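Participant: Okay, here's the structure, questions in a sec.
The values are calculated or read from the model by the stated rules, or taken from the named source; none is laboratory data. Remember, it's a predicted structure, so these values are computed and weren't measured experimentally. Don't worry about glycine lacking a Cβ; one is built from the backbone with ideal geometry, like all the others, and counts go over all protein chains shown.
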Amino acid sequence: MAAMSFLVCTTAIGCGYRMVGSGGDVAVARSVAVKTPSNESFEPGVEITVARALRREALRRGGVTLVEDPEAADVVLSGRVLPLLTRARSFSSVVLTLEYQLTLEVELDAELQGGETLSFDRDGLRETERYLASADIEATRKNRQEALRLISQAIATRVYDSIELGAAQ
C-alpha cells in the first residue's frame, strides 16, 4: 500500500503540460509567459486583445502558472497577428450591409526553456465571427470589438487545449 501511495505521489508531482505535435518527449511546462505578438494588421491594438486572451486563458485554467518574465517560464508564447479580413456578409434589400464577417489569424510559436521552438497548427490559429452592422458607427465598432474578443478567446482556448492534450500522451 505504501508503494502504491509513493507511485501516486510521484506521478502527481510529474504532471504538467506538454506541447502537442512535438514528435517526442519534450520538457514539462509548469509556467508560461506570453509575449505580446507583433501586429501586422492595420488595426491598432489587436495584438493586445490577442495577448490578453492568451493570458486570461492561462489564468482561467489554473493548471499552469502565468509568469511575466520569459526567462523564468518553461514555455514562452510569441508570434504575430496577421492582417484582419473583414467582409460584408449579408445585405438589406436596398444594398445596405447588415452583417460583417471578421477573420483573425495569428502565427504562434512556443519556445521551450531548452531553446526548442514548437509551432502550432495554423488552421487552429484562424477564427471567424460575424457581427451586426448599424447606422450608429459606434455600435458597429463595439460589435466588431466584441467579435474580435470572442475570436481571440477561441484561438487562446485552442492553444491551451493543444498544450493540455500533450500532457495526456
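Participant: Report yes if some residue within region 104-114 is in a loop (DSSP other than H, G, I, E, B) and either over 23 Å from the mean Cα position of the chain (by Cα) or exposed (fewer than 13 other Cβ atoms within 10 Å of the Cβ) (or both); otherwise report no.
Facilitator: Yes, region 104-114 contains a residue that is in a loop (DSSP other than H, G, I, E, B) and either over 23 Å from the mean Cα position of the chain (by Cα) or exposed (fewer than 13 other Cβ atoms within 10 Å of the Cβ) (or both).
Participant: While we're here: Which one of these is modelled with pLDDT of 90 or more and buried (at least 18 other Cβ atoms within 10 Å of the Cβ): LEU59, LEU82?
Facilitator: Answer to the check: LEU82.
Participant: Among (1) among the acidic types (Asp, Glu); (2) part of a helix (DSSP H, G or I); (3) within 20 Å of SER38 (Cβ to Cβ), where does ASP123 come up short?
Facilitator: That leaves (3) as the condition not met.
Participant: Specify which of the listed residues (GLU111, GLU116, GLU40) is charged (D, E, K, R) and either in contact with an Asp or Glu (Cβ under 8 Å, 6 or more places away or on another chain) or under 16 Å from SER152 (Cβ atoms) (or both).
Facilitator: Numbers: GLU111 fails: either in contact with an Asp or Glu (Cβ under 8 Å, 6 or more places away or on another chain) or under 16 Å from SER152 (Cβ atoms) (or both); GLU116 fails: either in contact with an Asp or Glu (Cβ under 8 Å, 6 or more places away or on another chain) or under 16 Å from SER152 (Cβ atoms) (or both).
Exactly one of GLU111, GLU116, GLU40 is charged (D, E, K, R) and either in contact with an Asp or Glu (Cβ under 8 Å, 6 or more places away or on another chain) or under 16 Å from SER152 (Cβ atoms) (or both), namely GLU40.
Residue-wise test of (1) of a type in the set (Phe, Trp, Tyr); (2) out of contact with any Pro (no Cβ under 6 Å at 6 or more places or on another chain); (3) more than 25 Å from LEU66 (Cα to Cα); (4) not in a helix (DSSP H, G or I).
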| position | (1), (2), (3), (4) |
| --- | --- |
| LEU118 | no, yes, no, yes |
| SER152 | no, yes, no, no |
| THR157 | no, yes, no, no |
| TYR160 | yes, yes, no, no |
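Participant: Checking THR86 against (1) over 20 Å from SER38 (Cα atoms); (2) over 19 Å from the mean Cα position of the chain (by Cα): exactly one of these is not met. Which one?
Facilitator: Failed condition: (1).
Participant: Considering LEU112, LEU104, which residue is among the aliphatic types (A, V, I, L, M), closer than 20 Å to THR49 by Cβ and out of contact with any Pro (no Cβ under 7 Å at 6 or more places or on another chain)?
Facilitator: Every option except LEU104 fails the conditions.
Participant: Since ALA73 meets every condition but one in (1) under 19 Å from the mean Cα position of the chain (by Cα); (2) in contact (Cβ under 8 Å) with a residue 60 or more places away in the chain, which condition does it not meet?
Facilitator: Only one criterion in (1) under 19 Å from the mean Cα position of the chain (by Cα); (2) in contact (Cβ under 8 Å) with a residue 60 or more places away in the chain is unmet by ALA73, namely (2).
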